[in-house]
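Comments concern the structure below.
Read-outs throughout are calculated quantities, based only on the coordinates presented, and are distinct from any laboratory measurement. Remember, it's a predicted structure, so these values are computed and weren't measured experimentally. Cβ: placed from backbone, ideal geometry, glycine included. Neighbour counts: every protein chain shown.
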Amino acid sequence: MDPIKRQKIEAAGGKVVTVAEFLDLSPEEMEIIEIRLSLSKSLKKLRQQEQLSQQKLAENINSSQSRVAKMEAASPSVSIDLLIKSLLSLGATREDIATAISGK
């Protein structure tokens, strides 16, 4: 956060906290969120590299376009299993998925 913005918030009596603090999330819950975000970004990037529409990817994995949109938006309603299955269907390797999860 911008230090000036932080100072203004604190000067007004506000408190700046992290997302984890605000939502009272454990470190493990935060890691799961980060993993989901990384997998979602990788899915969108790979789908676009393959020049596939969300609809076409949905057909390839026997799902719906709206489900693919939710996957790419890192919706908690989408399982990590489905994200990984979708990445694999686009040709991602275990190493690609590991790289996505590691955030590198």
Here the gain from full extension of L88 to L37, 0.36 nm per residue of separation minus their alpha-carbon distance, amounts to 16.7 nm
Would you mind ranking R6, R47 by Cβ crowding within 10 Å, fewest neighbours first?
R6, R47
How large is the convex hull of the C-alpha atoms of the chain per residue, in Å³?
135 Å³
Going by how many other beta carbons lie within 10 Å of each one, how would you line up R94, R36, fewest first?
R94, R36
May I ask you to list the GluC sites (Glu not before Pro) in the stretch 21-55 that are in a DSSP loop and have at most 15 other Cβ atoms within 10 Å of their Cβ?
E50
Lys pairs under 19 Å by Cα in the chain, provided they are eight or more residues apart or on distinct chains:
16
At 0.36 nm per residue, and after removing the present C-alpha to C-alpha distance, how many nm does the segment from D96 to Q48 gain when stretched out fully?
15.7 nm
Residue-span extension gain [L25 to N60] - 0.36 nm each, minus C-alpha spacing:
9.1 nm
At the level of C-alpha centres, the distance separating the stretch 1-63 and the stretch 71-99, in angstrom, is 15 Å
